[in-house]
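Values in this text are rule-based calculations from the coordinates and carry no lab data. Remember, predicted model here, so these are calculated numbers, not experimental data. Please note: Cβ atoms are built from the backbone with ideal geometry, for glycine as well, and neighbour counts cover all protein chains shown.
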Amino acid sequence: MTKRLTCDVVVVGAGMVGAACAWYAVRAGLDVRLVDRGPVSGGTTGAGEGNLLVSDKEPGPELELALLSARLWAELAREHGAAIEYEPKGGLVVASTAPALDALRDFAAGQRDAGVTAVPVDGGRLAELEPRLAPGMAGGVHYPQDAQVMPALAAAHLARASGAALHPGQAVTGVLRTADGTVYGVRTDRGEIHAPAVVNAAGTWGGDLAALAGVRLPVLPRRGFVLVTEPLPRMVRHKVYAADYVADVASDSAALRSSPVVEGTAAGPVLIGATRERVGFDRSLSLDAVRALAAGAVGLFPFLERVRALRTYAGFRPYLPDHLPAIGPDPRAPGLFHACGHEGAGIGLAPGTGRLIAQALTGKAPELDLTPFRPERFDTDGGDAR
Amino acid sequence: MTEPPRLTVVGAGPAGLAGALAAAARGVRVTLVDAAEQAGGQFYRQPAPALGARRPQALHHQWRTWERLRDALARHRAAGRITHLTDHHVWCLERESDAGPVTVHALRGPAQEVGVTVRADAVLLATGGYERVLPFPGWTLPGVVTAGGAQAMLKGGLVLPGRTVVVAGTGPLLLPVATGLAAAGARVAALVESADPAALLRRAPALAAQPGKLAEGAGYAARLLRHGVRTLARHTVVAAHGTGRLEAVTVAALDRDGRLRPGSARRIPCDTLAVGHGMLPHTDLAETLGCTLSGTAVRVDAEQRTDVPGVWAAGEATGVGGAALALAEGHIAGRSAAARLHGTTPDPGRWAAADRARTRLREFATALDDVYAPPAGWADRVPDGTVVCRCEEVTAGQVRDAAGTLGAGDLRTVKLLTRAGMGWCQGRMCGPAVAGLAGCPLTAGRRPFARPVPLGVLAALPEKE
Ligand SMILES: Cc1cc2nc3c(=O)[nH]c(=O)nc-3n(C[C@H](O)[C@H](O)[C@H](O)COP(=O)(O)OP(=O)(O)OC[C@H]3O[C@@H](n4cnc5c(N)ncnc54)[C@H](O)[C@@H]3O)c2cc1C
Ligand SMILES: Cc1cc2nc3c(=O)[nH]c(=O)nc-3n(C[C@H](O)[C@H](O)[C@H](O)COP(=O)(O)OP(=O)(O)OC[C@H]3O[C@@H](n4cnc5c(N)ncnc54)[C@H](O)[C@@H]3O)c2cc1C
C-alpha cells in the first residue's frame, strides 16, 4: 500500500533554497511539504560557504535579487540570528596593484548607482579594517552589506521553523501530470504526494527533476574546494578577497581560477574558498586546487602560513549557462515552479528566491521582474552549454 | 642495469614491516615511512632508546618475532634496500594516473611543519587502526585514558598511567592491557568487560582451529589471577566520578539484552580508567586515493591489492585482527607487490603458509567481532548533557536534536549541524559515538588530509600544468 498525501505545495529539495521557499510559502498561507531524498542540508548547501555577498555582483538582475535577499536575511536574523550564525560583518575587497584598484573602483561606482553601499579605502588605511592584511596593497573597497551565515544550520533551522512538513529520506521519482500536461504532484519512493504546485529546488540536480516533468533545464555542476583551518581567535574581521574574484564569477573559462575569500567564522576556523572548476561530479581531491587556495590566502594574510588546514571539502555549484538562476512558473508544465541554478550564490540569494516563489504561488505580483530568470529561456536563445 | 622498482610502505607496524622485508628481499627498493620515532607500530611499540629500558621484552610477548623483524630491517637498511623515514607524518597520497608514480606527502619532525614528498612506483598502506571509545558521564575527566593510550605509555615511555587502575570496555585488547599494567606494578582494581567471553567458546568451529589463541587466552587468565585482578564480565562502566580528576567509577551488571541489572551498581575507587571498545581501521589515505572500502575497512583481494592499481593494503587498515594477522597480510602484500613491480604474476603457492594463517586468523577475528560488540543499549544510557565530541564540546543532546527534528540523517549532516567531528581529531574519536546516538550507520569519514597541514606547506606544493 502506498499512502497518498495532499497539500498545496510540494517543495523538492531541502537545501537552503528549498528551505527558504517553504518558509515564505507557509507564511503566504500555504500547506507545504518539503521533500528530500537525503537529509536536510545534505546537498550543496552542506558543501559550500555562507557568504551573503553583494560585493561580487555587477549591476543587473542578480544584484537586485541579492539586495532584496540581504534585507530579508537581516529580517530572518532577528529571530534566528544566533542559531544560524548570522554575522553582518561586511566585506573588504582589496587590490594589490594600481590598475586592479582602478578597475575595482569603477566596478564599485556602478554598484553604488544600483544601491550598493561601497566605500573606497586607501591602501594606507586598510590596516585599520584588517590589521593582519599583507602590507603594500594598493587599496580596496569596503562593503558593509556583505554578511555571513552557516548554511547547513540556516537551512535546517529555517526548514524546521517554517511549519512545513519535512520528508527527509524520500526521493522524488516522478512528476505527476494530467493528460493536458498540468502538474498535480510527485511520485516518490514512498508513495505519491498530490498538490497543485511543485517547486523544483533540487539544486545541482534541478535539471534531472525538470526532466521528470518532461521539460529541459540545463543545470550543470561547477566544482569548488574549500579549506578549513584549525580554530583561531578572531584574526580576520571581514570577508576579504582579491579583486580578481569579480572577473572570475562571470568568466566562461573551464580552467581553474583561484580567488579565495578569507574569513573568520563564529566557531573559530578560518574558511578559505573557493575554487571554480568544471569537471562534472568528480569529488576526488585536487591538490592543485588546495595549493591555489592556500597560496592565495597566505598572500592576503601572511600569518596563515603557519596555521594548519584541518580539512578540505568539495561541493558542486548548480549553474545555468547564463549564470542566472531559474526562478518562477514553467509555462511548459503548468503547476511546476523552478527555484534552482543559483551557482555560487544560492545561500545569499535564497530568501529573495523564496519570497518570489511564494508570490508566484499565490498569484501576487512579484517584487522583482522574473523575466531574466524565466526557466524556459534556454529553449529559444540557444544558450545551452551542453 | 635498470633501476630497481620502488615501493613506499606507509606504516612500520607488523604489517608494514613484513611487507617491506618481503619486497626488499625480492629486488624492490623500499621506503618505509612512519610517524613514530622507531619501527614497531602499536604492537611492538618501543621505548625510546634514551630511556635505557633494561628488559623491554618483559612488556611484550612474541619478542622473538620482533627480534627477527628488527634485525632483518637493520640488514636491509645497511644494504641500502630499505630507507626508513621515521617521524614522517603522511598527510596525503596522490596518484596522477593509473600507471603513474604514487606521491607520498608527509610532514617531518615532531612539530610536523616541514613538507616532504616521496615518489614510488607503488605503495603499501599499513596504517593500522585506532581505538573506539564510547562516551559515558565523566569520561572526559583527567585520569580517564584509552586502553591503547595506557598501553602506549607503558610500552613507549615506561611510565605507569596511574596507581589504581580500572580497565574497562570491551574486546580482547583489554586483557593484555590489564596484565601489562599489573605486571608493571599498577593495582588493577577490576577488568570490566561488557561482553561475555564465555560466548567465545560457543563459537567452537572458529576456536577449534586456534589452539594457539586458546593457550594465549589461558595465559592471560592465569596472569590476571596471579596479579589478583578481578574480572567483571557482562559489566559496564556507568559513570566516572571526581572533582577535577578521576576518583572512582560506578560499574553495573548487564542482562542478556544489554540492559542494566537493577540494584547491581557499585562504586570502585581508582585514579585511572583505561577504556576501549575495540579498534577501527585507519582508512583516510586509502579513501583519498579512491580505494573502495567495505564497511569501515579498505577492501583488498587475495594478494592484498586494493582496487586502485599500484596500491596494496595490509594489517589493521584492512580489518582488525591482531598482530599475527597483520604479519601474514603484510608478507603477502610485499611478495605480491614485488612480483607485480617486476612485471610478473605472483604464484600464491609460494606464500601458502601465510595464506593459511590469514584464513584462520580472519575467521577468528570474525568470531571475536561477534562476541565483543558494544552492549546493545549503550547509546540510550548516555544522558543529554554528556559531551560526546571533546574537540568541539558537543553534547549527546545536541546530536539527538540534530538527528531528530532538525532533519540530519547521516554522520556528515549531524557534523554540519552540531560541529561534532569538526575539530582536531576530525571525528576519529567521536564518530562511532555520534553514529550510535544519531542512529545512523558508522561510515568511514572523508578526510582528505590525514594530518593537519600548515597552509605554507600546501602553498609550496609544486604547481602542475
Ligand atoms: C565550494 C562552494 C562554496 C560556495 N560558497 C557560497 C557562498 O559563500 N555563498 C553562497 O551564497 N553560495 C555559495 N555556494 C553556492 C551554494 O552552496 C549553492 O548555490 C546552494 O547551496 C544551492 O542550494 P540549493 O538548495 O539550491 O541546493 P542543494 O543544497 O544542493 O539542495 C538540493 C537538494 O535537492 C535534493 N534532491 C535532488 N534531487 C532530488 C529528488 N529527485 N528527490 C528528492 N530530493 C532531491 C538533494 O538531495 C539536495 O538536498 C558555494 C558552493 C560551493 C560548492
Ligand atoms: C591496547 C592494545 C593491545 C593490543 N594487544 C594485542 C595482543 O595482545 N595481541 C595481538 O595480536 N594484537 C594486539 N593488539 C593489536 C595489534 O597492536 C595490532 O593488531 C597490530 O599492531 C596491527 O599491525 P599493523 O601493522 O596493521 O598496524 P600498527 O601496528 O598500528 O602500525 C601502523 C603504523 O602506521 C603508522 N601510521 C599510521 N598512519 C600514519 C600516517 N598518516 N603517517 C605516518 N605513519 C602512519 C603508525 O605510526 C604505526 O606505526 C593490541 C592493540 C592495542 C591498541
Checklist outcome for this item: Per residue of A:297-305, other chain Cβ atoms within 10 Å number on average 3
Checklist outcome for this item: Taking Cα atoms, the helix A:16-27 axis meets the longest principal axis of chain A at an angle in degrees (rounded to 10) of 60 degrees
Checklist entry - Isolated Cys in the protein assembly as shown by the 4.7 Å beta carbon test? => result A:Cys7, A:Cys21, A:Cys340, B:Cys92, B:Cys270, B:Cys291, B:Cys391, B:Cys425, B:Cys440
Checklist outcome for this item: quick shape note, chain A: Cα extents on principal axes in Å, largest first -> 67, 40, 39
Checklist entry - Hey, got the average number of other protein chain Cβ atoms within 10 angstrom for residues in B:420-432? => result 2
Item to check | At most 15 other Cβ within 10 Å, DSSP loop - trypsin sites (Lys or Arg not before Pro), the stretch A:1-75 | outcome: A:Lys3, A:Arg4
Item to check | Straight-distance crosslink candidates among aspartates and glutamates, where the alpha carbon sits under 18 Å from A:Lys57 and sequence neighbours closer than 8 are dropped | outcome: A:Glu49, A:Asp102, A:Asp106, A:Asp113, A:Asp146, A:Asp244, A:Asp248, A:Asp252, A:Asp322, A:Glu343, A:Asp369
Checklist entry - Taking the mean number of other Cβ atoms within 10 Å as a proxy for protection, how do you rank B:314-320, A:359-365, B:296-302 from highest to lowest? => result B:314-320, B:296-302, A:359-365
Checklist entry - Just how many % of Cα pairs in the stretch A:91-144 lie over 19 Å apart, if you round to the nearest whole percent? => result 21 percent
Next on the checklist: What Kirkwood Rh does the protein assembly as shown have if only Cα atoms enter the pairwise 1/r average? Answer in Å.
Outcome noted: 29.4 Å
Checklist entry - Given N residues in chain B, what is Rg(Cα) / (2.2 N^0.38 Å)? => result 0.98
Checklist entry - Other chains near A:36-42: what is the mean number of their Cβ atoms within 10 Å of each residue's Cβ? => result 6
Next on the checklist: Charges on Cβ only, +1 for Lys and Arg, -1 for Asp and Glu, centred on the Cα centroid of the stretch B:382-465; of B:Gly439, B:Ala460, B:Leu411, which one is farthest towards the dipole's positive end?
Outcome noted: B:Ala460
Checklist entry - Got a sec? How would B:Asp98, B:Asp87, B:Asp121 order by Cβ neighbour count within 10 Å, fewest to most? => result B:Asp98, B:Asp87, B:Asp121
Checklist entry - Tally Lys/Arg at +1 and Asp/Glu at -1 over every other residue whose Cβ is under 9 Å from the Cβ of B:Thr164; what's the total? => result +1
Checklist outcome for this item: For B:Cys291, B:Cys389, ascending order of other Cβ atoms within 10 Å (fewest first) is B:Cys291, B:Cys389
Checklist entry - When a footprinting reagent is the concern and you count Cβ atoms within 10 Å, what order do A:Ser286, A:Ser69 take, fewest first? => result A:Ser286, A:Ser69
Next on the checklist: How much of the DSSP bridge set in chain A is antiparallel, in percent, rounded to the nearest 5?
Outcome noted: 70 percent
Item to check | Mean Cβ neighbour count within 10 Å, used as a protection proxy, ranking B:340-349, B:167-176 highest first | outcome: B:167-176, B:340-349
Next on the checklist: For the stretch A:1-52, compute the orientation-averaged projected area of the C-alpha convex hull (one quarter of its surface), in nm².
Outcome noted: 4.4 nm²
Item to check | Three-way shape call for the stretch B:355-465 based on the alpha-carbon gyration tensor, with the a/c threshold at 1.5 | outcome: oblate
Checklist entry - What share of the DSSP beta bridges in the protein assembly as shown is antiparallel, in percent to the nearest 5? => result 60 percent
Checklist entry - Given charges of +1 on the Cβ of Lys and Arg and -1 on the Cβ of Asp and Glu, with all other atoms neutral, how large is the dipole of the protein assembly as shown about its Cα centre, in debye to the nearest 20? => result 3700 debye
Next on the checklist: Need one number: nm distance between label points at B:Asp370 and B:Arg75, each 7 Å from Cα along Cα→Cβ, rounded to one decimal.
Outcome noted: 4.2 nm
Next on the checklist: Counting only other residues whose beta carbon sits under 10 Å from that of A:Ala333, what net charge do I get with K and R as +1, D and E as -1?
Outcome noted: 0
